[in-house]
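Here's the structure we're looking at; comments come further down.
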Amino acid sequence: MKISILTLFPEMFNGPFEFSIIKRAQEKKLVKINLVNIRNFGIGKHRTVDDTPYGGGVGMVMRVDVVKKAIDSIRSNKKGEKIILLDPKGTTFNQQKAKNLSRVSHLILVCGHYEGFDGRIREFVDEELSVGDYVLTGGELPAMVVVDATIRLIPGVLGKDKSSTEESFQKNLLEYPQYTRPYEFKGEKVPKVLLSGNHKEIDKFRKNEALRRTKKQRPDLLERG
């Protein structure tokens with residue numbers, strides 16, 4: 001899988017993408033991450049990427065011609081390519097979206113900044129995604145979230161592929177609680193069933209705990225059916 005990230009601040013990605021699972025996925029050549037500096041496609045000697053909004057308003061708006069040139073520089077128009085605009089007005093990103101994106105051959109993420117994009121850029125992307133109902137200073141942090149959640153679902157990235165099928169939000173349930181040593185901590189003990197070796201009872205316990213936790217913390221997930 002190839003992931004191209006269009007951004008004004010490529011340096012922001014250096015740390016997050018150089019550790020843990022994302023680093024190992026790149027080393028295994030299961031994913032290739034390409035950072036594209038939008039400013040390289042700016043206008044004039046100052047590489048201008050934004051301008052004041054028509055009709056007035058606060059802040060600057062990223063130019064559609066600049067962003068479109070940046071997109072065109074790395075798109076292939078081949079099957080399996082998907083262009084996503086990271087924008088708080090987009091559809092909310094979730095586990096199912098991550099699963100769908102993990103099957104894409106070339107994922108192009110476009111990070112906004114300032115007061116966002118010229119609205120015409122939406123004619124040249126496939127989808128708009130938001131990571132939540134709040135506004136950030138740019139699309140870089142959302143891009144990191146999307147990349148992290150997506151890469152770990154690519155077959156072969158996690159040590160045990162089964163681990164990604166038992167996580168939170170699978171089948172609209174939160175993940176059951178996990179335990180390890182010490183057996184007892186400040187009076188709290190590991191549930192006895194987990195020490196029994198009875199895998200049928202352990203599975204039953206975990207399913208019940210997942211349902212109980214979901215009912216308590218995220219009942220909205222159960223309403224989705």
Cβ-Cβ under 7 Å, sequence separation 6+ or interchain: first residue in region 194-218 and exposed (fewer than 12 other Cβ atoms within 10 Å of the Cβ), partner modelled with pLDDT under 95 and in a loop (DSSP other than H, G, I, E, B). Which pairs?
GLN217/LEU174
Being assigned to a loop (DSSP other than H, G, I, E, B), charged (D, E, K, R) and in contact with a strand residue (DSSP E or B) (Cβ under 7 Å, 6 or more places away or on another chain), is that true of even one residue in region 118-140?
yes
Residues PHE169, PHE124: which one is under 30 Å from ARG63 (Cβ atoms) and surrounded by 12 or more Cβ atoms within 10 Å (Cβ to Cβ)?
PHE124
So the strands (runs of 3 or more DSSP E) completely within region 1-101 holding 1 or more residues that are more than 14 Å from GLY139 (Cβ to Cβ), more than 23 Å from the chain's Cα centre (by Cα) and modelled with pLDDT of 95 or more are none
Going by what's in this entry, would ARG212 be described as closer than 30 Å to ASP72 by Cβ and out of contact with any helix residue (DSSP H, G or I) (no Cβ under 9 Å at 6 or more places or on another chain)?
no
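The values are calculated or read from the model by the stated rules, or taken from the named source; none is laboratory data. These figures come from a predicted structure and were not determined experimentally. Because the Cβ atoms are built from the backbone with ideal geometry, glycine has one as well, and the counts that use them run over all protein chains shown.
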